[in-house]
There are 4 protein chains.
Amino acid sequence: MIIVMKPGAKKESIQNIIRIIEDNGLTAHLSDGKEVTIIGVVGDKTKLQNQNLEIAEDVDKVVPVTESYKLANKKFHPEPSIIKVGNASIGGDELIIMSGPCAVESEDQVMETAKAIQKAGAQILRGGAYKPRTSPYAFQGLEEDGLKLMKEAKDETGLAVVCEVTSLAAIEAAVKYVDMLQIGARNMQNFYLLKEAGKTGLPVLLKRGLSATIDEWLNASEYIIAEGNPNVVLCERGIRTFETATRNTLDISAVPVIKHKSHLPIIVDPSHATGVRKYVKPLAMSAIAAGADGLMIETHPNPACALSDGPQSLTFQQFEELCGEIRPLAKLMGKKF
Amino acid sequence: MIIVMKPGAKKESIQNIIRIIEDNGLTAHLSDGKEVTIIGVVGDKTKLQNQNLEIAEDVDKVVPVTESYKLANKKFHPEPSIIKVGNASIGGDELIIMSGPCAVESEDQVMETAKAIQKAGAQILRGGAYKPRTSPYAFQGLEEDGLKLMKEAKDETGLAVVCEVTSLAAIEAAVKYVDMLQIGARNMQNFYLLKEAGKTGLPVLLKRGLSATIDEWLNASEYIIAEGNPNVVLCERGIRTFETATRNTLDISAVPVIKHKSHLPIIVDPSHATGVRKYVKPLAMSAIAAGADGLMIETHPNPACALSDGPQSLTFQQFEELCGEIRPLAKLMGKKF
Amino acid sequence: MIIVMKPGAKKESIQNIIRIIEDNGLTAHLSDGKEVTIIGVVGDKTKLQNQNLEIAEDVDKVVPVTESYKLANKKFHPEPSIIKVGNASIGGDELIIMSGPCAVESEDQVMETAKAIQKAGAQILRGGAYKPRTSPYAFQGLEEDGLKLMKEAKDETGLAVVCEVTSLAAIEAAVKYVDMLQIGARNMQNFYLLKEAGKTGLPVLLKRGLSATIDEWLNASEYIIAEGNPNVVLCERGIRTFETATRNTLDISAVPVIKHKSHLPIIVDPSHATGVRKYVKPLAMSAIAAGADGLMIETHPNPACALSDGPQSLTFQQFEELCGEIRPLAKLMGKKF
Amino acid sequence: MIIVMKPGAKKESIQNIIRIIEDNGLTAHLSDGKEVTIIGVVGDKTKLQNQNLEIAEDVDKVVPVTESYKLANKKFHPEPSIIKVGNASIGGDELIIMSGPCAVESEDQVMETAKAIQKAGAQILRGGAYKPRTSPYAFQGLEEDGLKLMKEAKDETGLAVVCEVTSLAAIEAAVKYVDMLQIGARNMQNFYLLKEAGKTGLPVLLKRGLSATIDEWLNASEYIIAEGNPNVVLCERGIRTFETATRNTLDISAVPVIKHKSHLPIIVDPSHATGVRKYVKPLAMSAIAAGADGLMIETHPNPACALSDGPQSLTFQQFEELCGEIRPLAKLMGKKF
């Protein structure tokens, strides 16, 4: 942490800062410049977190130099993490594809989808039973009945299953049926939910918030890991910008940035990122080429009748074709699929 | 709702859309242009919400023309709502100021603050007992003990009190102690929490999400009102942009836009919007001049030692001076304070 | 400037950085922390600007601690600047209102507008003769003929006049007719144009770019001042965000931030910021309450027929009423109007 | 174009709109809904562009349904354009790589770079002679002397050359030396410059503005094409968002969106998009996988000493390795390289 003093800061103000630093058991390094004086802090900065040095006399600004997340930080855990979900391993040399409908609607729909995506090569079935919808008048999900249908599909096919949870009640239900919990973009900073998901020990798929910085996202993962659950997979699904041609803006840079800053695996969801079916394939390909560990792709037996997000869902045939195009690219990138 | 067809759309494609519209009991109006054909839909559009017309053959785009929120919509409720919180009324001719610390820390802190803000003119005491913090290593709040301290301050001073809730457990605790529940920015689309807050019947202060559009914000309020609880007050607290000189960017336009689109009261929080103490006063003044129904301002007996958000908190003296400057402005704007 | 080394940086890497710093005649201050080593640089940092220390071995990041703009910086020029434009003074105790049509269309339109805004209290007439329009098929302005009409209105009324310039040719024409040059938002980083405007010595109204940070804006003003022309007035006109209820998002915080960082005057343009007539008044009021030195407000004799930006233009009657409401607020804020 | 009336709009207001539409030689289609009335306009909407229907009595909003750009629009030009630049063809089955230093610094630097990138496989040499820099105190470019050095490198190697132009004077100089003009992000809406670049007839590389929507970008290209110059290549180089881990956010979706909306070729610049050397390779790969027609990559003989953008420049060896990895990917995507 560095404290930058205002030009012409009084000697007493500088001494005051140094005193606070030293009183908290840390060491202060003074750089007395022509224009400004800066004070470097050496030691455990969390001891200073309630000192509010920003508003001390003659302080211009406080500049943090280390990240606030530790357990998710590659600096302290240089080896990439590999997360097991059912029979699938995310973060290693396998390319993982999660697929299925935005919302679980019926037994037929789920079972048919599970078989179709498995045939095409996907390893994990996704399907929403608790749906966070912008409008209260939109379909809100089948809840526990939906979870049961996912479990049936898992039992029938052997695919691992992942479902979004939106409350403690949903977590308590989901642990009985699923292999992985999903925390959605809108709940990325629902810290209470993160802690509860952490406590289950189940793998957690943590989607990036619509306007979350990468640092905030890694801090959110830290909430889960700090509960003793290191099984976190990150999912980039588009951020909110001024552009309206796509529903969100896929931040493809997040893939290499996460690989640089963290040991956690990262997958990409081109369906939610664009909201438009015809853009799903090029973005899926770009994600693999950027080094993503996997993809989440929405599929539906009949997108035109999907109760949620139909316009971005692929038909089974489109999904199979996409998997066919992914195969040689995955190989080129050194991934098994 | 309007369906815009692609240039050169086939006759059958157009007939197909018309058939879907009519099969759902609605009326289609065809405008056959030189470049494009558009189809207007007349009737209750919610009947079409699962038809995914966007991906039907030859459809270019679907343009909604009415808002998805109804209960919060001024078109169907032209009179402004006035929400009672303790003895205060928000949305009428009173200017309401909520003030207090970001986080409840101790009995002395809360009691001292309650008395100071009351003396300066504030009508509602705010204080956080459940703190959503970016890092899991930051102070997370006193929880129910904090709520009790707020209740004590209320009993002592007669001020109404508002506390943030972050989970069903927090709501269940809070209803025993507070006059108003706050849903924070990070939980604005925690729809589960919105519904539970709605069920309590208590007034709810709904902060705008960091990257929420005004339409999404009003849809979030709709979740609360749809539970039979019309007592919603909106709070603009800054949105996320590329600018870094302030913590967030106060969207001052939200005040007149909300006044135009909704009957709900709106207050402004310049403390969170800027994150910088010296900008609180000018933005508080600007909010009142823009027509806001009130303000939320952070105060602390000793900001330099605040466990949360000290750098943006005012001292009691600064708060009293601010209230002194607000008084003639409120009068000029036709508000009692 | 501070150089943050990676954890475990090699001794030689650290020595290398120190050597580069010292070879350039500067002093290095080393803070050797448990987690990271940081190196503070003391002296004239511009000497290091081509050293690209970011990519030197073992460097994690380089953190600037001083602003790159000097002449616009309040730290080196604490007194507020007052800029004379015709008989008006911007930045002192006068509140200045610039008004007129988005585009100059005809002699009648300009003359009628000049008289109407003067009667209402405005001190400066604005009108565009060179119009930057998103589409090449929209009206592009009367060019020099438009400038002549502005000059006629100035001669008739005594009002000062300001016109936007978009090229060197436009500047060469404008200096013959106007009192102040405007650089529009889209040209804020047209550095060539900034320098040419600077060379004229005329006062320059510099609008903020749609996605410019405040630091970039002040750096743009530095281009003008560095040509020996200190007569710069800043104009906040809204930035681009995800919100679509208004055309742009007025960054009202820019007013106190500029007052804190710079000595230059700042005015606010609520017409372009919102693009919606009914929001102009509340935002005009909020700007004055936030401490702005003035306003730019679009007016038109007949907004329904305006060739540019009609939907956000006020009629003369609306403008006169607005000025009537501004008067007591200006007085309250200690400004003459 | 669709006009949406307010709920309860008066009959006369509706008649008034229909009259305006018909008076302008267009046809109005009325859809009289339960909640709202909408009026579709059939015919050439440009005839209505100065009618400002938004502010007519009882109008709620005006919704455009067709794009304002025509010449760049795929709807009216379904075949992809192929642009010749020297011996290279952009937009066909060749993958084009433009490479070179951000700023031209010396004969040795340019010549050495030209040979190195040619050897690695690049077809076009880029180098800036007129540099738009945020601060007036940063290196501003060698201007015409720089153009001459680029021409020498072209004569020596046979590579085509592209240089940025920032003013009419720069265009007048550049046409003597270069094969392609570049319009930079900051000048994307410098409409005067776009027209002048259009008049030269030379191919133009049009970078996307930092906060430009894809529609605005295509409208900017329309300015060039409308001058009779169809030789436009688009370049996505990152947009501005709240994320700070990268200098800008590469909008990878722009590649398929442009392919869907326009016939113009699109290349991607991962160097400017990220500002960080280690992220250039993954983003270059992702761009090719998304379907881009080419790349622009910064290289420098000695990035540590580059006068501009050193931290994002590749060494020749890094560039050669990147080209080696690109080769099989290009082949997989059906592109020659």
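Odds and ends about this structure:
- In the set B:Gly86, B:Gly25, B:Gly43, only one residue is in contact with a helix residue (DSSP H, G or I) (Cβ under 9 Å, 6 or more places away or on another chain), away from chain A (no Cβ under 11 Å) and at pLDDT 90 or above; that residue is B:Gly86.
- Residues of segment D:305-332 satisfying the condition of being among the aliphatic types (A, V, I, L, M), open to solvent by 40 Å² or more (accessible area, probe 1.4 Å) and more than 28 Å from D:Leu181 (Cβ to Cβ): D:Leu332
- Applying the criterion of being more than 10 Å from chain C (Cβ to nearest Cβ) and assigned to a helix (DSSP H, G or I) to the residues of segment D:195-217, the residue that is nearest to B:Thr241 (Cα to Cα) is D:Ile214.
- Any hit, segment B:212-233, residues being of a type in the set (Gly, Ala, Ser) and in contact with a His (Cβ under 8 Å, 6 or more places away or on another chain): no
Each row is one residue, and each column tells you yes or no for (1) of a type in the set (Val, Ile, Thr); (2) surrounded by 24 or more Cβ atoms within 10 Å (Cβ to Cβ); (3) outside the structural domain of A:Leu264 (by TED's automatic domain parsing).
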position	(1), (2), (3)
A:Ile117	yes, yes, no
A:Gly121	no, no, no
A:Gly127	no, yes, no
A:Thr134	yes, no, no
A:Ala197	no, yes, no
A:Thr200	yes, no, no
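- Criterion: more than 9 Å from every other protein chain (Cβ to nearest Cβ), in a helix (DSSP H, G or I) and farther than 23 Å from D:Asp60 by Cα - qualifying residue of C:Ile326, C:Ile267: C:Ile326
- Yes/no for D:Ile288 being more than 22 Å from D:Leu181 (Cα to Cα), away from chain C (no Cβ under 14 Å) and either β-branched (Val, Ile, Thr) or buried (at least 23 other Cβ atoms within 10 Å of the Cβ) (or both): yes
- Filter result (buried (at least 18 other Cβ atoms within 10 Å of the Cβ) and either of a type in the set (A, V, I, L, M, F, W, C) or outside the structural domain of A:Ala306 (by TED's automatic domain parsing) (or both)) within segment A:139-167: A:Leu142, A:Leu147, A:Leu149, A:Met150, A:Ala153, A:Leu159, A:Ala160, A:Val161, A:Val162, A:Cys163, A:Val165
- Failed item, numbered, when B:Val268 is tested on (1) within 22 Å of B:Ala197 (Cβ to Cβ); (2) touching a helix residue (DSSP H, G or I) at 6+ places or on another chain (Cβ under 6 Å); (3) free of Cβ contacts under 8 Å to residues at least 24 places away in the same chain: (3)
- Residue, farthest from B:Thr246 (Cα to Cα), within segment A:65-77, restricted to residues that are away from chain B (no Cβ under 11 Å) and modelled with pLDDT of 80 or more: A:His77
- Tallying residues that are in a helix (DSSP H, G or I), among the aliphatic types (A, V, I, L, M) and within 14 Å of chain A (Cβ to nearest Cβ) within segment B:142-172 yields 4.
- Here the condition is being open to solvent by less than 10 Å² (accessible area, probe 1.4 Å) and within 29 Å of C:Ala245 (Cα to Cα); of A:Leu250, A:Leu234, it holds for A:Leu250 alone.
- Yes/no for D:Ser286 being in contact (Cβ under 8 Å) with a residue 40 or more places away in the chain, among the hydroxyl-bearing types (Ser, Thr, Tyr) and either over 22 Å from A:Glu325 (Cα atoms) or assigned to a helix (DSSP H, G or I) (or both): no
- Lone unmet requirement of (1) over 18 Å from A:Asp32 (Cβ atoms); (2) within 12 Å of another protein chain (Cβ to nearest Cβ); (3) without any contact (Cβ under 8 Å) to a residue 12 or more places away in the chain for C:Ile17: (3)
- Answer residue from segment A:295-320, given it is of a type in the set (Val, Ile, Thr) and in a strand (DSSP E or B) and is farthest from the other protein chains (Cβ to nearest Cβ) among those: A:Ile297
- Members of segment A:103-128 that are more than 13 Å from chain B (Cβ to nearest Cβ) and among the aliphatic types (A, V, I, L, M): A:Val104, A:Val110, A:Met111, A:Ala114, A:Ala116, A:Ile117, A:Ala120, A:Ala122, A:Ile124, A:Leu125
- Filter result for D:Lys259 (under 17 Å from A:Ala292 (Cα atoms), more than 7 Å from chain A (Cβ to nearest Cβ) and open to solvent by 10 Å² or more (accessible area, probe 1.4 Å)): no
- Residues (more than 7 Å from every other protein chain (Cβ to nearest Cβ) and surrounded by fewer than 23 Cβ atoms within 10 Å (Cβ to Cβ)) located in segment C:238-247: C:Arg247
- Scanning segment C:87-118 for residues that are over 13 Å from C:Val233 (Cβ atoms) and part of a loop (DSSP other than H, G, I, E, B) gives C:Asn87, C:Asp93, C:Leu95, C:Pro101, C:Cys102, C:Val104, C:Glu105, C:Ser106.
- Residues satisfying the stated conditions in segment A:52-64, i.e. over 30 Å from A:Leu206 (Cα atoms) and either within 7 Å of another protein chain (Cβ to nearest Cβ) or part of a helix (DSSP H, G or I) (or both): A:Asn52, A:Leu53, A:Glu54, A:Ile55, A:Ala56
- Candidates are the residues of segment C:22-49 that are within 31 Å of the chain's Cα centre (by Cα) and assigned to a helix (DSSP H, G or I); the one that is surrounded by the fewest Cβ atoms within 10 Å (Cβ to Cβ) is C:Thr46.
- Residue check, A:Lys176 open to solvent by 50 Å² or more (accessible area, probe 1.4 Å), in the same structural domain as A:Met98 (by TED's automatic domain parsing) and more than 20 Å from A:Thr113 (Cα to Cα): yes
- Scan of segment D:211-224 for residues that are of a type in the set (A, V, I, L, M) and surrounded by fewer than 24 Cβ atoms within 10 Å (Cβ to Cβ), ordered by number: D:Ile214
- Of B:Glu12, B:Glu54, all but one fail to be of a type outside the set (A, V, I, L, M) and more than 26 Å from A:Gly275 (Cβ to Cβ); the exception is B:Glu12.
- Residue that is part of a loop (DSSP other than H, G, I, E, B), surrounded by fewer than 17 Cβ atoms within 10 Å (Cβ to Cβ) and at pLDDT 90 or above, where the choices are D:Pro7, D:Pro80: D:Pro80
- Within segment A:206-229, the residues that satisfy the criterion of being free of Cβ contacts under 8 Å to residues at least 60 places away in the same chain and more than 11 Å from B:Pro136 (Cβ to Cβ) are A:Leu206, A:Arg208, A:Gly209, A:Leu210, A:Ser211, A:Ala212, A:Thr213, A:Ile214, A:Glu216, A:Trp217, A:Gly228, A:Asn229.
- Checked against (1) at pLDDT below 85; (2) among the polar types (S, T, N, Q); (3) open to solvent by 30 Å² or more (accessible area, probe 1.4 Å), A:Asn52 meets all criteria but (3).
The values are calculated or read from the model by the stated rules, or taken from the named source; none is laboratory data. The structure displayed is predicted, hence computed values, not measured ones. Counting neighbours? That spans all protein chains shown, and the Cβs are built from the backbone with ideal geometry, glycine included. When the accessible area is computed, the model is the full protein with side chains, heavy atoms only, and any ligands, DNA or RNA have been set aside. Shrake-Rupley method; radii C 1.70, N 1.55, O 1.52, S 1.80 Å.
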